[in-house]
Amino acid sequence: MVLKIDLGCGESKRKGYLGVDRLSIQGVDVHADLNEKLPFKNDIVDMLYSAHAIEYVNELDNIFSEIYRICKNGAIVEIILPHFSSYTAYHCNVRHIFRWYEGLGDYCISNHNHLGKKYFKLITSKLRLEHHLKWLDGFVNLIPRFYERTFLKALLPTYEIYFRLQVVKGDDEE
């Protein structure tokens with residue numbers, strides 16, 4: 001059996017996924033606080049999806065450790081977060097703890113995070129511009145770091161950032 005989890009699903013759980021959220025609302029199958037240990041055994045998840053939920057956690061190390069722990073080797077993890085240049089990252093919800101940019105993908109795929117552990121292989125990351133600018137997504141994704149470090153981010157604000165990762169577990173695990 002393939003286990004797919006929609007982490008922080010809210011009211012819009014992905015079809016075919018097990019909905020996990022802290023709220024007791026329709027669509028939530030498992031109640032869990034993303035700041036705590038997730039209520040799943042090790043190495044059981046084949047696919048994990050999380051849209052606009054991880055920016056609310058208190059500790060990145062904790063949530064990425066938990067995602068890593070519950071996912072099987074080779075599992076696909078898709079994460080969508082508001083980009084720091086989007087008005088929604090600040091104006092719509094002041095409870096966001098982290099502001100995301102393209103380079104934060106490096107946090108998940110290198111030994112430079114606080115735990116000194118490589119969690120994932122980056123398959124793709126994409127900046128998604130505000131709806132009326134979507135036709136420019138391809139251009140911005142050719143030069144994401146340049147875009148984020150220049151005036152372009154103010155001229156062409158990004159709505160969100162998408163990461164598609166693959167869990168990497170090997171013999172050198174601690």
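Just so it is clear, none of the values below were taken in a lab; they were calculated from the coordinates. Just so it is clear, the structure is predicted and the values come from calculations on it, not from any experiment. Don't worry about glycine lacking a Cβ; one is built from the backbone with ideal geometry, like all the others, and counts go over all protein chains shown.
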In nanometres, the difference between 0.36 nm per residue of separation and the alpha-carbon distance of VAL2 and LEU142 is 47.0 nm
So for the pair ASN42, ASN58, with labels modelled 7 Å out along Cα→Cβ, what separation do we get in nm?
2.5 nm
What residues qualify as long-range amide H neighbours of HIS52, i.e. H under 5 Å apart, gap of 5 or more or another chain, H built at 1.01 Å from N?
ILE80, LEU81
Can you sort SER50, SER24 from fewest to most other Cβ atoms within 10 Å of each residue's own Cβ?
SER24, SER50
Rounded FRET efficiency, nearest 0.05, which uses the C-beta distance separating LYS15 from THR150 and R0 of 25 Å
0.05
Order by neighbour count: PHE151, PHE146, fewest other Cβ atoms within 10 Å first, most last.
PHE151, PHE146
